[in-house]
Amino acid sequence: MTTENKKTSLSFEVFPPKKDEEFENIFPFLKELAKLNPDFISCTYGAGGSRAGKTIEIASFIQKELGINAIAHITCVGFTKTDLEKNCEALKAAGVGHVLALRGDRPQHMTDEQFNSREFFYATDLVRHLKEHTTLQISGACYPEKHFEAPSLETDLKHLKEKVDAGVTSLVTQMFFDNDCFYRFMEKVRDIGITVPVHAGIMPITTAKQIGTTVSLSGSSVPKELADLIANYGENREDMRKAGIDYAVQQIRGLKEHGVDGIHIYSMNRLKTTTEICELI
Ligand code: FAD
């Protein structure tokens with residue numbers, strides 16, 4: 001599908017800086033990000049529910065001070081129902097009305113028992129609870145290459161449909177590097193009757209190290225073109241950065257031509273890279 005008139009939304013993901021002494025740096029960064037006119041900015045939630053207050057503080061700043069739609073991530077892992085209620089009250093007080101409801105990653109220190117005794121087991125359970133007890137707008141995550149625990153893409157899609165039917169009004173994808181894979185996924189998503197907007201998650205790969213960390217954790221496959229690029233430029237910091245930006249820009253241009261609902265850039269809190277990409281697209 002080629003849609004020239006359709007507006008593709010633009011959004012960013014940011015995360016709360018891990019060190020307390022670096023926390024304040026996020027605010028000038030967000031002010032600069034705001035100049036790129038995103039439709040929304042989402043803020044992650046530390047694995048296991050750590051630093052929940054920081055996510056709310058950042059989301060509140062985005063919403064109230066910058067006047068940009070903020071989405072606060074929340075997770076089942078690390079949350080009891082009581083914690084969740086407190087968190088929802090804090091979100092309300094902070095003026096944040098939109099969440100990305102997730103199952104959550106398992107923190108390294110968490111035992112099987114702790115992980116499996118969470119009160120909301122799947123994101124869908126959290127969505128149902130939020131829908132019943134709050135007026136929050138709810139988004140959810142999806143996986144063009146299937147979630148790593150799902151036995152098949154079909155099973156994963158079946159659960160995704162349940163999540164959307166429970167009250168999710170938009171989806172954000174896991175990062176992917178092969179647009180064809182995303183287009184095949186979208187055909188299946190629409191075939192099973194999911195009609196909500198799907199924001200395509202783009203992660204700029206600007207260092208070779210990212211492939212070994214972020215990307216391998218995400219379960220996303222690395223196409224030959226990207227692997228070659230890392231092999232050719234990985235040793236040279238600046239060349240790798242330029243090549244990684246170029247790869248992300250080509251991906252985004254292709255997606256826009258294809259009429260994707262939205263582009264969601266995993267900013268990794270990097271201003272220069274995010275700005276350069278936005279200027280080029
Ligand atoms: P779910 O939708 O619950 O799915 C998890 C698995 O369970 C899938 O395999 C699914 O098929 C399966 N499943 C669902 N329902 C059922 C059912 N009824 N019966 C059997 N199986 C079922 N993690 C964080 O900790 N903090 C963040 O801020 C964060 N942000 C993210 C943002 C995006 C855009 C994405 C894509 C991921 C993010 N994650 C984050 C990671 C996410 O928490 C993990 O990928 C997690 O493993 C799955 O979360 P989910 O909400 O997709 O889970």
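Which value, in debye to the nearest 20, gives the size of the charge dipole of the stretch 9-280 about its Cα centre, when Lys and Arg are +1 and Asp and Glu are -1 at the Cβ?
Charge dipole, the stretch 9-280, about its Cα centre: 280 debye, nearest 20.
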_Net charge of neighbours whose Cβ lies under 15 Å from the Cβ of residue 51, counting Lys and Arg as +1 and Asp and Glu as -1_ = -3
*Taking H placed 1.01 Å from N in the peptide plane, check which residues at least 5 places from residue 199 or on another chain put their amide H under 5 Å from its amide H.*
171, 172, 173
*asked:* From the convex hull of the Cα coordinates of the stretch 1-121, what is the mean projected area in square nanometres?
replied: 9.6 nm²
*Mark the label point 7 Å from the Cα of residue 148 along Cα→Cβ and return the residues of the stretch 64-80 whose backbone N is within less than 18 Å of it.*
76-78
*Stretched out fully, how many nm does the piece from residue 253 to residue 268 gain, at 0.36 nm a residue minus the Cα gap?*
3.4 nm
*asked:* Only bridges whose two residues both fall in the chain count here: according to DSSP, what percent of them are antiparallel, nearest 5?
replied: 0 percent
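Listed here are the pairs 54/158; 161/256; 19/272; 158/242; 35/158; which of them are more than 32 Å apart at the Cα?
In this structure, 54/158; 158/242; 35/158 lie more than 32 Å apart at Cα.
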*Rg to Rh quotient for the stretch 176-281, alpha carbon positions, Kirkwood Rh*: 0.98
*Please work out the Cα center distance from the stretch 226-274 to the stretch 93-165, rounded to the nearest Å.*
28 Å
*Given 100, 223, 117, which one lies farthest toward the positive end of the charge dipole of the chain, if we put +1 on the Cβ of every Lys and Arg and -1 on the Cβ of every Asp and Glu?*
100
*Would you kindly give the portion of the calculated P(r) for the stretch 14-85 that falls above 21 Å, as a percent of all Cα pairs?*
26 percent
*asked:* Which three numbers, in whole Å and largest first, are the semi-axes of the equivalent ellipsoid of the stretch 94-242 derived from its Cα gyration tensor as √(5λ)?
replied: 30, 19, 16
*Taking springs between alpha-carbon atoms closer than 10 angstrom, which of 251, 108, 210 fluctuates most in the Gaussian network model of the chain?*
108
*Select from 75, 207, 134 the residue whose mean-square fluctuation is largest in a Gaussian network model of the chain (Cα-Cα springs shorter than 10 Å).*
134
*residue 242: net charge of surrounding residues, Cβ under 12 Å, Lys/Arg +1, Asp/Glu -1, itself excluded?*
-1
*Can you work out the PRE-style zone for residue 209? Point 7 Å along Cα to Cβ, and I want the residues of the stretch 15-36 with backbone N under 18 Å.*
15, 17-19, 22
*asked:* Under 10 Å, Cα contacts only: if you run a Gaussian network model on the chain, which one of 144, 38, 223 comes out with the highest mean-square fluctuation?
replied: 223
*Relative contact order (%) - criterion: Cα under 8 Å, at least six apart; region: the chain*: 21 percent
*Rounded to whole Å and sorted largest first, list the principal axis extents of the Cα atoms in the chain.*
51, 45, 43
*So how do 55, 80 line up by other beta-carbon neighbours within 10 Å, fewest first?*
80, 55
*Rounded to two decimals, what is Rg over Rh for the stretch 233-281 when you use alpha-carbon atoms and the Kirkwood radius?*
1.00
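The numbers here are math on the coordinates, done by the rules we state, and not lab data. Quantities reported herein were computed from a predicted structural model and do not represent experimental measurements. With ideal geometry, Cβ positions are generated from the backbone for all residues, glycine too; neighbour counts draw on all protein chains shown.
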